[in-house]
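Before any comments, here is the structure.
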Amino acid sequence: MRRGKKEPKTPEDALSYEIIGTAIEVHKVLGGPGLLESIYEEAMVWELQSRGISVERQVEVPIYFGEQYVKNGVHRVANNL
C-alpha cells in the first residue's frame, strides 16, 4: 500500500515540510558529510530563499536544559519562527 501525502495542519507543519525537503535536496546535491558546515549552510539558505522562505543566519538564542539556562547559542531562523 502506498502512503499518500498529508496536507499540513498548521503553517508550522508546512514550513517544517519545506525545510526538511530543502535539507534532503542539499544532501542529494552536495553529499555528506565531508564539507565544512558553512558550505551546507550557504546552500541551505540559498535553497530556502529560492523557495520563498525568509532566513536569518546565526541568530543568538538562549539554550535551556529543563528550566536551567545553559548559554546562548546560534541558530538559523526561517520565516521568523
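Residue by residue, the stretch 51-65 carries 3J(HN,Hα) couplings of 8, x, 9, 6, 9, 10, 9, 6, 7, 7, 10, x, 10, 10, 10 Hz when phi is fed to the Karplus relation 6.51 cos²θ - 1.76 cosθ + 1.60 (θ = phi - 60°); x denotes Gly or Pro. For the stretch 6-18, backbone phi angles converted through the Karplus equation (6.51, -1.76, 1.60; θ = phi - 60°) give residue-by-residue couplings of 8, 6, x, 7, 9, x, 5, 5, 5, 5, 4, 4, 5 Hz, Gly and Pro being listed as x. Once the C-beta distance of Lys28 and Val59 is scaled by a Förster radius of 22 Å, the resulting FRET efficiency is 0.25 to the nearest 0.05. Where [x] 1.20; [y] 1.04; [z] 0.99 are the candidate values, the label of the one calculated here for Rg/Rh (Cα atoms, Kirkwood Rh) is [y]. For the chain, a simple Cβ point-charge model (Lys and Arg +1, Asp and Glu -1, everything else neutral) yields a dipole of about 440 debye relative to the Cα centre.
Per-residue extension of 0.36 nm, minus the Cα-Cα distance of Val74 and Ser38, leaves a gain of 11.6 nm for this segment.
Coordinate-derived values only; no laboratory data. Bear in mind the structure is a predicted one, so any value in this text is a computation, not a measurement. Neighbour counts are summed over all protein chains in view; Cβ atoms, including those assigned to glycine, are modelled from backbone coordinates with ideal geometry.
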